[in-house]
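Structure first, commentary second.
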Amino acid sequence: MSNIVDPLVGQIAARVRTERERRKWTLAQLADASGVSRAMINRIERGESSPTAVVLGKLSAAFQLSVASLLALAEGTPDDTDGIPGVRRQADAAEWRDPATGYRRRQITGPHFPAEIAEIRLPPGARVPYPAAAFAFIRQIVWVLDGHLTFHDGDTVHELDTGDTIELGEPAERVFANTTDTECRYAVILTRGITP
């Protein structure tokens with residue numbers, strides 16, 4: 001694991017614990033709300049386990065946050081927290097890697113920007129499902145930058161190529177899949193809709 005990823009695991013651990021404690025939830029209550037085992041949440045909060053994209057999706061849904069919001073909050077730097085806009089260098093951006101699929105996610109915007117933009121690199125053969133609750137209270141567009149993405153929107157499957165976009169509607173179970181032998185790179189752009 002690279003030294004870019006290691007600090008992010010600790011930051012995600014702290015953010016999950018902070019979000020749980022802010023709601024005054026026990027580990028058992030978060031486990032019930034998310035469908036993630038109490039033991040797994042405990043390991044994540046202690047920084048002993050890097051959560052998969054699926055687990056992050058379940059936790060963010062329980063918190064009524066997007067995965068992008070959870071990661072953006074975890075990636076916050078002193079430059080981000082003062083709200084001053086500016087240049088964010090690619091070399092300085094933390095990249096999160098899903099230990100199960102190799103999926104890589106880099107947050108493009110800071111936590112104070114009104115839209116959340118993330119760049120995702122989905123390796124060949126990777127499949128990342130998210131529960132419908134992960135899409136509650138947000139408006140989202142997926143924009144394929146390179147490659148081919150097979151996108152399951154509930155029961156509907158969309159085959160998306162470079163340059164294609166899809167604007168997501170009501171929350172549904174969704175799957176991002178790369179059924180090709182080359183990496184797929186796409187952007188996720190979202191804004192918060194009705195506040196929970």
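Readers should treat all values here as calculations from the given coordinates under stated rules, not as data from a laboratory. Being a predicted model, the structure only gives us computed values, none of them experimental. A quick note on method: Cβ atoms are made from the backbone with ideal geometry, for glycine too, and the neighbour counts reach across all protein chains shown.
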Practice problem: Kindly provide the pair-distance distribution of region 87-196 built from C-alpha pairs, with 10 Å bins from 0 and whole-percent values in order of increasing distance. | Solution: 14, 46, 34, 5, 0
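Considering all projection directions equally, how large on average is the shadow of the alpha-carbon convex hull of region 117-160, in square nanometres?
3.7
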Quiz prompt | Rg followed by Dmax, in Å, when region 97-140 is reduced to its Cα trace | solution = 12.4, 34
Quiz item: Counting other Cβ atoms within 10 Å, which GluC sites (Glu not before Pro) in region 94-196 have at most 13 and lie in a DSSP loop?
Solution: none
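Would you calculate a helix-derived [θ] at 222 nm for the chain, using -39,500 (n - 2.57) for each DSSP H run of n ≥ 4 and dividing by the full residue count, to the nearest 500?
Numbers: 6 runs with 58 residues, N = 196.
The helix contribution divided over the chain gives -8500 deg cm²/dmol.
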Quiz item: Hey, got a sec? Which trypsin sites (Lys or Arg not before Pro) in region 38-72 land in a DSSP loop and have at most 11 other Cβ atoms within 10 Å?
Solution: 46
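Report Rg/Rh for the chain, rounded to two decimals, where Rg is the Cα radius of gyration and Rh the Kirkwood radius.
0.94
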Self-check item: Kirkwood-type radius of region 143-196, with distances r between different C-alpha atoms, in Å
Solution: 12.0
Quiz item: If packing is taken as the mean number of other Cβ atoms within 10 Å per residue, what is the order of 60-67, 102-109, highest first?
Solution: 60-67, 102-109
